[in-house]
1. What nm value, rounded to one decimal, do you get for the distance between I151 and A131 when each label is placed 7 Å out toward the C-beta?
2. Peptides 134-142, 61-69: what's the order by average Cβ count within 10 Å, highest mean first?
3. What list of ³J(HN,Hα) values in whole Hz, one per residue of segment 42-53 in order, does the Karplus curve 6.51 cos²θ - 1.76 cosθ + 1.60 (θ = phi - 60°) give from phi, with Gly and Pro shown as x?
4. Ordered by residue, what ³J(HN,Hα) values in Hz, to whole numbers, does segment 129-136 give under the Karplus form 6.51 cos²θ - 1.76 cosθ + 1.60, where θ = phi - 60° and Gly and Pro are x?
5. My understanding is that a pair violates if its Cα-Cα distance is over 25 Å; which of K96/K186; K125/K171; K2/K186; K2/K171; K125/K186; K47/K161 do that in this structure?
6. Take the Cα atoms of segment 1-113, find their three principal axes, and give me the spread along each one in whole Å, biggest first.
7. Between E100 and T162, what is the label-to-label distance in nm when each label sits 7 Å out along the Cα-to-Cβ direction?
8. Collect residues whose amide H, placed 1.01 Å from N in the peptide plane, falls under 5 Å from the amide H of S55; neighbours closer than 5 in sequence don't count.
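Just so it is clear, none of the values below were taken in a lab; they were calculated from the coordinates. Because the structure is predicted, anything quoted here is derived from the model rather than measured. A quick note on method: Cβ atoms are made from the backbone with ideal geometry, for glycine too, and the neighbour counts reach across all protein chains shown.
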Amino acid sequence: MKPFRIAIFASGSGSNAEAIMHYLANHAAIEVALVVCNKENAGVLEKANQFGVKSILINKEEFYTSRTVLQTLQSHGVSHIVLAGFLLLVPDYLIKAYSEKIINIHPSLLPKFGGKGMYGMHVHKAVIASAEKESGLTIHLVNEHFDDGEILLQVKCEVDKTDTPETLGGKVLQLEHEHYPRVIAKWVTRV
Ligand code: GAR
């Protein structure tokens, strides 16, 4: 068993999860032990399957009221949690159990365009609507508030006059795939 075992939490198509599983596939010290998903038909479930990574589907209500998810993480020896397009607020009991061991990626330059309701395409629509000249991504540690912990990396890109929320989303997503796996590997193995 490798010394560091991560669980990827995702709610959507899972393109970041895929980039992470691909990057870590032959890593000497880190393995993806589990994918945790709260949406029944999310693409991330099929992606986990393709990489031979076990996935579990969680129920929102149970996530907040029971400790089943925490017990599952512990029974899989999970040392770090990676949020990759996970849209539920992480409950306090998980933040306490995995203090400083949960990381998130957000598709804007936080603190701009962060907070409740700001996820995925909503973010890019808001960036275009406010005629921002630049956008990008933020990778940060997770605490009990949405999009608020210590920032580990921000990467910028230009917002062109011709950009739509979709084209901007595509640019940011490509940057996410390029940077998130590397930052995760560095963060997980830091002393
Ligand atoms: C990514 O752009 C990620 O930054 C964003 O959701 C997308 C998930 O895409 N996360 C948030 O907005 C969190 N507030 P993916 O499922 O293809 O990885």
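1. 2.4 nm
2. 134-142, 61-69
3. Result, rounded to whole Hz: 5, x, 4, 5, 5, 5, 4, 4, 4, 8, x, 9.
4. Ordered by residue, 3J(HN,Hα) equals 5, 8, 6, 5, 8, 9, 9, x Hz.
5. K2/K171; K125/K186; K47/K161
6. Computed over the Cα atoms, the extents are 34, 33, 29 Å.
7. Result for the modelled spin labels: 4.7 nm.
8. Amide H to amide H, under 5 Å and 5 or more residues apart or across chains, S55 pairs with V35.
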